[in-house]
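Notes follow the structure.
The values are calculated or read from the model by the stated rules, or taken from the named source; none is laboratory data. Since we're looking at a predicted model, the values are computed, not measured. Quick reminder, even Gly has a Cβ in these numbers, built from the backbone with ideal geometry, and neighbours come from all protein chains shown. Accessible surface is based on the protein model in full, side chains and every heavy atom, while ligands, DNA and RNA are left aside. Shrake-Rupley method; radii C 1.70, N 1.55, O 1.52, S 1.80 Å.
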Amino acid sequence: MKAKLFMLFFTLICVVLIPSCTQNNENTEKKETVTPTSVHTAALVAEDGTCPWRIIRSGKNEEANGAMMDLGAAIEQETGIKLKYGGDKVKEGESEYKYEIIVGPTNRKESVEAAMEITKSRDFLIARKGTKVVIHATQAINEAVAYFIENYIYDGNIFIADGEKYIFRDEYELSEMTVAGNSISEYSIGYTDSNAANKEACEGLSQWINEKTGYKLPVKETELDGGEKTIIFLKKDEIDFAASFGIRLSGDDLLVEFGKMISVNRACEALLEELNMKIKDGKLSVDTIDMVKEAEERIKIATDEYLAQLDKKAEEMKQKVLNSPSEYETDAGRRFFYFSADGDDNNSGTSEEKPKKSLEALAELELEAGDIVLFRRGDMFRGKITAVSGVTYTAYGEGAKPIINASVKNYANTSIWEKTEYENIWKLSEPIVNVGIMVFDRTWQIGNYKELTGQKQVKGLYGFDHISMMDEDLDFYSDLDTNELFLYCSRGNPGQVYSSIEIGTIGGVIGIGNSNFVTIDNLHITLTGSHGVGASSCAGLTVRNCVFDWLGGSILKGHNGKDLTRFGNAVEIYGAAKEYTVYNNWIYQIYDTGITNQYGKSNIKSNIHDQIEYYDNLIEYCFWSIEYYNMGSEGKERKTMNVSVHDNFCRFGGEGWGCVGRETRAPMHTLHFTGEECENYVVKDNIFDRCKGLMLLYTGEKVEFYENTYIQNYLGNFGHLCGKDHKFDENIIEELAKIGDTSSRLVFVVE
């Protein structure tokens, strides 16, 4: 009796002091205590402690399911009554429950009616109409339930008067957003190219609109003429649109078009940039928009005309090398030594009229710093050269550059090939050491990228174990223990089948060693199993105006404890390098690298690379084009400084004769560093044109990149930057920025 009297007194006080809550109220403050006007109309739990109400939620809404559980727990804690839960699906032949607290979007008519009033994400509604209580929101269902718990559950009961309606409307950055005069709430967001990236980008746009306006637009795959108002992303394949994107209105639709070079994220970013620019006084109106622009000025598409211009540039560089005059000092006191194919080794060699003939005679000369050695243009000289400090090796006369051919003779002689016990396998009867390359019927046409080369078999690689396993013409095997050479030739004696057989063995064509201030100028250097110009630690090496081709491939014996690794570079210093200059050379079809300064041993205390410049070189069909590393170990000094690599044109990496079987691993430009100091290393204005492997292999050690051009097949490999592999797409702009390169250009080749 005392409890009833207290409740009656409390009710009378409420009637006198508190405004009625039975009218429809729209409140915008997040917290407002709602108190019932009478026990009969407000309290959901009867005086006898019973409660017929049941909590209902949609079976398809996980958020509403969690909110429902929170509501039930709060009611049980306050009232001691555990309400039953139910879904909004009504079985056939049954009807809805009479007393329902409906949580979240459901199929109940009360929810449908509420949804007409609550369309924005952070808004919610709480209402009672007879035996139905609605707690409704599009997204803020947890907030709505929390508000209900805080304001409607107290004093051991649930109080909500019949007719009560509370609406919370949040404030949004945009009070209005229209497209073509239509409210954004009427739109969906669609994409025509079904993939995860497109869906994710569209959902991101939907979230942006949701945060700005409160409207959550649906995202779905759709068609352009789907009959709905749509913001739609259209991916196009036309070549003229491939590196661009456009945004335009078409009727009620807002179209975002982007080519295959452009990611949907970049197109979405562009749309958001445009939308943000149109926001004014808390409103956004998209009534006129028609723009098409390049995604990034540094991104281009390689048209046929562009590729033709690259070929033209390469041809101009070739002609510049081929027609370069010899460069050497002619001041008094210098000595000049001449060599020609029709000379005589008994001649003094000190004049054009009395030239010497052979490289053997050159080796016998007691050269001194300042001497000039000249080879007659148009002639070939077989063998190898050991350079002397301070000496310039160059050309004289007219015509093609003199050829320094490390293949000591033409091996197309039937008398020096013997048939073995294995079918179609022949052996050279003469001992020969560590063969790297064999060229058959060589045309000697400068720039012929398709000479007929042998395929070297290496014991221990790709399952090769014995000469009997050779089964294709031009397969060859060079035995490192016996110095025997074996060749597979199904058409008979190789000396008869081929008009010429050139063989390159281990040893550089021009060995610099530790000689200083050597200049190699205007020579055509070819056919060794090792390096064209190879040096150890030295200073003042200059290599200019030369052609290098068809060299490398011998085994680097004992490398990593095995005899499996092949090598051979056009121009190399392995060790310390100072005042090292390589310019205006044409380098192609090299087993490994075009130009390199490198060191990878830990057996010396200090190794320094200083004042190095590579420029105006055309490098084609090599495994590496330009390579650098200067590795050591703890406690050893490794410094690199004042390096300039500029205006080189590197093409078709991984496509050379020496790349067979390892094409996809070819790194066009390699910069390896391990713990050394590096300063003022600049890579600028180079062109890197297509590689089957990596365009750039860089470990991230203080190299400066400026205005280089990278040309590669779209989605081909770009490179390995600072520990990560990257495909060649528009995102490379961002990846290059991470290594400080904000000016280099990307040119996509679209098949």
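Based on DSSP, what percent of beta bridges with both residues in segment 543-646 are antiparallel, to the nearest 5?
Working: 3 of 38 bridges.
Around 10 percent antiparallel, to the nearest 5.
If we count every other residue with Cβ under 10 angstrom of GLU186's Cβ, Lys/Arg +1 and Asp/Glu -1, where does the sum land? Numbers along the way, then the final one.
Working: positive: LYS229; negative: GLU228, ASP252.
Counting the neighbours of GLU186, the net charge comes to -1.
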Can you work out ³J(HN,Hα) from phi for every residue in segment 125-138, in order, using Karplus 6.51 cos²θ - 1.76 cosθ + 1.60 and θ = phi - 60°, giving whole Hz and x for Gly and Pro? 9, 10, 8, 10, 9, x, 9, 10, 10, 10, 10, 10, 7, 7
Take the alpha-carbon centre of segment 655-717, take the same for segment 185-224, and report the distance between them in whole Å. 39
Gain upon complete extension [GLU92, GLU211; 0.36 nm per residue less C-alpha separation]: 38.8 nm
For a Förster distance of 51 Å, can you work out the FRET efficiency between the beta-carbons of THR386 and GLU269, rounded to the nearest 0.05? 0.25
Expected output is a single nm value to one decimal: the length gained when fully extending between ASP331 and SER348, i.e. 0.36 nm times separation in residues minus the C-alpha distance. What is it? 4.1 nm
At q = 0.21 Å⁻¹, what base-10 log of I(q)/I(0) does the Debye formula yield for segment 613-751 when every alpha carbon is treated as an equal point scatterer in vacuo? -1.34
Treating cross-link reach as a plain straight distance, find the lysines whose alpha-carbon is under 24 Å from the alpha-carbon of LYS89, omitting any fewer than eight places away in the same chain. LYS60, LYS98, LYS109, LYS129, LYS132
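Is the C-alpha gyration tensor of segment 93-204 telling us rounded, prolate or oblate? Criteria: a/c under 1.5 is rounded; beyond that, a/b larger than b/c is prolate, otherwise oblate. Can you show the working numbers first?
Details: a/c = 2.35, a/b = 1.89, b/c = 1.24.
Here segment 93-204 falls in the prolate category.
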Simple spin-label model, 7 Å along Cα-to-Cβ: SER536 to ALA196 in nm? 5.5
In the full protein assembly as shown, how much of VAL292 is accessible to a 1.4 Å probe, in Å² to the nearest 10? 90
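For segment 499-583, rounded, prolate or oblate, judged on the Cα gyration tensor with a ≥ b ≥ c (square roots of eigenvalues), a/c < 1.5 rounded, else prolate if a/b > b/c? Before the final figure, lay out the partial values.
Details: a/c = 2.73, a/b = 1.22, b/c = 2.24.
Here segment 499-583 falls in the oblate category.
Once the Cβ-Cβ distance between ASN410 and GLU734 is put in as r, and R0 is 51 Å, what FRET efficiency do you end up with, to the nearest 0.05? Please report the intermediate quantities before stating the final value.
Values: r = 55 Å, r/R0 = 1.08.
Step by step, r from the Cβ atoms, then E = 0.40.
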Pop the C-beta distance of GLU297 and ASP155 into the FRET formula with R0 = 56 Å and round what comes out to the nearest 0.05. 0.20
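Tell me, what is the Rg over Rh of segment 170-244, with Rh the Kirkwood radius over Cα pairs? Could you put the intermediate results ahead of the total?
Details: Rg = 13.7 Å, Rh = 13.4 Å.
Reported Rg/Rh (Cα atoms, Kirkwood Rh): 1.02.
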Using a cut-off of 12 Å between alpha-carbon atoms, which aspartates and glutamates can reach LYS354, once sequence neighbours fewer than 8 places away in the same chain are excluded? ASP342, ASP344, ASP345
For the chain, what relative contact order do you get, as a whole percent, if you take Cα pairs closer than 8 Å and at least 6 residues apart? 7
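Please calculate how many Å² of accessible area the chain carries per residue, with a 1.4 Å probe and no DNA, RNA or ligand atoms counted. Write down the numbers at each step before the final one.
Values: 33820 Å² over 751 residues.
Roughly 45 Å² per residue, with all protein chains present.
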Pop out the carbon and sulfur fraction of the accessible area of segment 495-580 as a percent, whole number, probe 1.4 Å. 47
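Rounded to the nearest 500 deg cm²/dmol, what is the calculated helix-only ellipticity per residue at 222 nm for the chain, with -39500 (n - 2.57) per DSSP H run of length n ≥ 4? Don't skip to the end; give the middle numbers.
Values: 11 runs with 128 residues, N = 751.
Counting only the DSSP helices, I get -5000 deg cm²/dmol.
Listed highest first by mean packing, meaning other Cβ atoms within 10 Å per residue, what order do 647-654, 719-726, 391-398 come in? Before the final figure, lay out the partial values.
Values: 647-654: 23.4, 719-726: 15.0, 391-398: 20.5.
Per-residue Cβ counts within 10 Å, averaged per peptide and sorted highest first, yield 647-654, 391-398, 719-726.
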Three-way shape label, segment 575-686, alpha-carbon gyration tensor, a/c 1.5: oblate
How far is it, in nm, from the label point at LYS320 to the one at GLU366 when both lie 7 Å from their Cα along the line to the Cβ? 4.3
Order of 559-572, 462-475 by packing, highest average Cβ count within 10 Å first? 559-572, 462-475
Just tell me, in residue order, which DSSP H segments of the chain are both 15 angstrom or longer along the helix axis (alpha-carbon based) and at least 1.6 in mean Kyte-Doolittle hydropathy. 2-17
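Counting only protein heavy atoms, what percent of the accessible surface of segment 645-728 is carbon or sulfur at a 1.4 Å probe? Write out the running numbers ahead of the final one.
Details: 1410 of 3100 Å².
Of all accessible area on segment 645-728, carbon and sulfur atoms account for 46 percent.
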Across segment 366-451, qualifying lysine pairs (alpha carbons under 27 Å, at least 8 places apart or different chains) come out at 11
Pull up the cross-link candidates among the lysines for LYS312, meaning alpha carbon to alpha carbon under 16 Å and not fewer than 8 places away within one chain. LYS320
Report the gain in length on full extension from THR131 to LYS702: 0.36 nm times residue separation, minus Cα-Cα distance, nm rounded to one decimal. 198.2 nm
How much of the DSSP bridge set in the chain is antiparallel, in percent, rounded to the nearest 5? 25
Distance histogram for segment 361-513 (every C-alpha pair counted, 5 angstrom bins, percent rounded to whole numbers): 2, 9, 15, 19, 16, 13, 10, 8, 5, 3, 1, 0
Compute the distance in nm between two label points, each set 7 Å from the Cα along the Cα-to-Cβ direction, one at CYS722 and one at LYS109. 6.4
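Looking at segment 536-585 only, what percent of DSSP beta bridges run antiparallel? Nearest 5 please.
Values: 3 of 8 bridges.
Within segment 536-585, antiparallel bridges account for around 40 percent of the total.
When ranked by the protection proxy of mean other Cβ atoms within 10 Å per residue, highest first, what sequence do the peptides 679-687, 137-145, 76-84 form? Mind dumping the intermediate values first?
On the way: 679-687: 18.3, 137-145: 22.0, 76-84: 14.1.
Ranking, from highest mean packing down: 137-145, 679-687, 76-84.
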